[in-house]
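Okay, structure first, notes after.
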Ligand code: 6R9
């Protein structure tokens, strides 16, 4: 990205220092940055020591076969033991691990002791199905406690899991099962979504028509809906698991033993199976959860409002919070079932103190209006987090004010499936936050923004985000494809990890993420990030959410096409004239905020945008629409009807 990149985001001047009470009691102080800078290996060794190791490591990190890293070499540990048994042994068996809230309003409370028993039973059940250490298990589930149980049962016996988001299609599921050669699938009849049971088992049956090696399917009964049944292959969870003993001796695995594979879609090619291993992953996930959310296991009620099928769910619903012995909320459903205040009702009911979610959710709540959260008591909240996309300054401000009562710090955490854990983020007791900036690499992490030739850019300029040192939770490879691992991440800037994101450093050297580099548009030779134009649109009082794409344009190379969702439910423009007026107003607004070069060619008002499981807008599909093409691969879309709805709204001929 060149210096001519427009600098709208860097004009943001609001500042929010950490609240004094938080700083006074913070888990991590400013000294951590210096300690880590002085001796990175000693820093990470100290964090690894927060876990229980069956055998100590002999070496903190081994980078001699770069880019293939090993961390805590020779150490042995069991992840499930660290997430469960050790808390029970320390006398915290009665502490709630999860307040689970089903979408229809049914609830379950699982203490650490309950969860330990369940996981032991499930581990014994998997063993009875012939699963052994290193065998892969696919998990295709709704957001219910058994999903967590299944993951930890796999971890306990050393069988890497691959969780496939329940919203993905049979095709997507089949592709993943085949790629990692899973022989056992854990699923459910269905789950509740948007007020109705939504089936999962039929997609498994369809996927398995062409997965001849899958021998067992373990099925949780959640909704009670009718399911097809293959005798000899399908087993009910309640038949098999309930009858197992609640004792299981955990085996310690090598620090580099595979823990899980998480598939992440690239822009075009087949999904990449990101491999995470045991010791380094758990160390960094546990430490970052403790540092960035400042969790106090005795007091906090922590809630990552995200799907377990996204890496955020793996690291910050399951492994991080449980490794830290924290009480969490787990919610099955959608934010508007049965009403648009559901999340706030949950915060009030359980006294949630820390909330972590995605900008897409925040912008949706903005669209629904302040009155809805205003009806609930949100005073228990003390810290808010954001993840998944650049958070527009206006959405950040709204989150802080309407949800955080102007008192809670907002930590914007940048990381990826590949990084395994948070990498760039404020520390709530230390950092002065800037709306829209993830600020700096966490202690122990080294990042840089570089230009095309790999040279660090000066403050005030933009470029590509790279990570310059290996980190404990880093992916170890792409499953079954070492060459692709090297090519994708380590070849663009040799010796450094290429994240695929554009970023800027402001005058203080703080980092502002600009979205994927493939989301950079080129308009008449000017490189403009979609994030900047989207943020300008969202700063207009009528706009709740915006997605911007560059569509081929005969004169300018690319033209900016913006899809916008308006704030408030009944605010769609009534007729064509008002739609035209609004379009004109928004185009002028962007021109004023950023510059005339960024004025969108076209503004389309829509009701919903196509999103992935993590709430990332699938700009590729919008580009197809903007350029009048038939739609490409939609297997990772959460709701494919959204695309039809957008088409229906388009002015004829668009
Ligand atoms: C955790 C997660 C990774 C991509 C990443 C970037 C975007 C995530 C962000 C952010 C700006 C943040 N991203 N967090 N961009 N600010 N705080 O989202 O993993 O699904 O693999 O996506 O998400 O583009 O490269 P994953």
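Read-outs throughout are calculated quantities, based only on the coordinates presented, and are distinct from any laboratory measurement. Bear in mind that the values here come from a model prediction, so they are computed numbers and not experimental data. So basically every Cβ, Gly included, is an ideal-geometry build from the backbone, and we count neighbours across all protein chains shown.
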Handout entry: Förster radius 30 Å - calculated FRET efficiency between residue 210 and residue 486 (Cβ-Cβ, nearest 0.05)
Key = 0.45
Handout entry: Computed log₁₀ I(q)/I(0) - Debye formula, equal Cα scatterers, no solvent, the chain, q 0.07, 0.12 Å⁻¹
Key = -0.42, -1.37
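Against the globular-protein guess of 2.2 N^0.38 Å, express the Cα radius of gyration of segment 149-268 as a ratio, rounded to two decimals.
1.12
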Handout entry: Ratio of the Cα radius of gyration of segment 235-287 to 2.2 N^0.38 Å, where N counts its residues
Key = 1.68
Practice task
Go through 550-557, 220-227 and give me the packing order, highest mean Cβ count within 10 Å leading.
Solution key: 220-227, 550-557
Exercise for the section: List, largest first, the extents of the alpha carbons of segment 346-488 along their principal axes, each in whole Å. Expected result: 53, 38, 29
Exercise for the section: Take segment 63-217, drop everything but the C-alpha atoms, weight them equally and run the Debye formula without solvent; then report log10 I(q)/I(0) at 0.12, 0.16, 0.18 Å⁻¹ to two decimals. Expected result: -0.60, -0.98, -1.13
Exercise for the section: Treating the angle as unsigned and between 0 and 90°, give the value, to the nearest 10°, between the Cα long axis of helix 279-292 and the longest Cα principal axis of the chain. Expected result: 50 degrees
Exercise for the section: Using only the alpha-carbon atoms of segment 286-361, report the extent along each of the three principal axes, biggest first, to the nearest angstrom. Expected result: 35, 25, 19
Problem - Percent antiparallel among DSSP beta bridges (both partners in segment 100-186, rounded to 5) - result: 25 percent
Practice task
Return, for the Cα atoms of segment 198-280, the radius of gyration and Dmax in Å, separated by a comma.
Solution key: 17.1, 46
Handout entry: DSSP-defined antiparallel bridges as percent of all bridges, the chain, nearest 5
Key = 60 percent
Practice task
Would you mind computing, in nm to one decimal, how far apart the modelled labels at residue 455 and residue 236 are, each placed 7 Å from Cα along Cα→Cβ?
Solution key: 7.0 nm
Handout entry: In nm, spacing of pseudo-spin labels at residue 107 and residue 629 (7 Å Cα→C-beta vector)
Key = 4.9 nm
Completion exercise
Summing -39500 (n - 2.57) over every DSSP H run of at least 4 residues in the chain and dividing by its residue count gives a helix-only mean residue ellipticity at 222 nm, to the nearest 500 deg cm²/dmol, of -7500 deg cm²/dmol
Fill in the blank from the handout: The Cα extents of segment 9-55 along the principal axes, largest first and rounded to whole Å, are 50, 26, 18
Handout entry: Percent of Cα-Cα distances greater than 28 Å, calculated over segment 284-427
Key = 10 percent
Problem - Largest-first ellipsoid semi-axes for segment 340-416, taking √(5λ) over the Cα gyration tensor eigenvalues, angstrom - result: 19, 14, 11
Problem - Footprinting exposure proxy for 165, 68, 563 (fewest neighbouring C-beta atoms within 10 Å first) - result: 68, 165, 563
Problem - Ranked by how many other beta carbons lie within 10 Å on average, peptides 27-40, 393-406 from highest - result: 393-406, 27-40
Problem - Inter-probe distance in nm under a simple model that places probes 7 Å from Cα toward Cβ, at residue 524 and residue 65 - result: 5.4 nm
Exercise for the section: Compute the normalised compactness of segment 50-136: alpha-carbon radius of gyration over 2.2 N^0.38 Å, N being the residue count. Expected result: 1.46
Practice task
Express in nm, to one decimal, how much length is gained between residue 380 and residue 15 on full extension, taking 0.36 nm for each residue of separation and deducting their alpha carbon distance.
Solution key: 129.1 nm
Problem - Calculated on alpha-carbon atoms, Rg and Dmax of segment 368-450 in Å - result: 14.0, 46
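What whole-number volume per residue, in cubic angstrom, does the convex hull of the C-alpha atoms of segment 91-136 give?
Numbers: hull volume 5.1 nm³, N = 46.
It comes to 111 Å³ per residue, whole-number rounded.
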Practice task
Compute the long axis of helix 145-157 from its Cα atoms, compare it with the longest principal axis of the Cα atoms of the chain, and write down the angle in degrees, 0 to 90, nearest 10.
Solution key: 60 degrees
Problem - Where the Cα pairs of segment 433-503 fall when distances are cut into 5 Å bins, in % - result: 3, 15, 24, 24, 18, 10, 5, 1, 0
Practice task
Provide the three semi-axes, in whole Å and in decreasing order, of the ellipsoid equivalent to segment 489-592 as defined by the square roots of 5 times the Cα gyration tensor eigenvalues.
Solution key: 31, 17, 12
Problem - Among 43-49, 509-515, the order from most to least packed when residues are scored by Cβ within 10 Å on average - result: 509-515, 43-49
Handout entry: Inter-part distance where segment 516-547 and segment 182-259 are each reduced to a Cα centre, Å
Key = 42 Å
Completion exercise
Listed with the fewest Cβ neighbours within 10 Å leading, 448, 247, 585 appear as 247, 585, 448
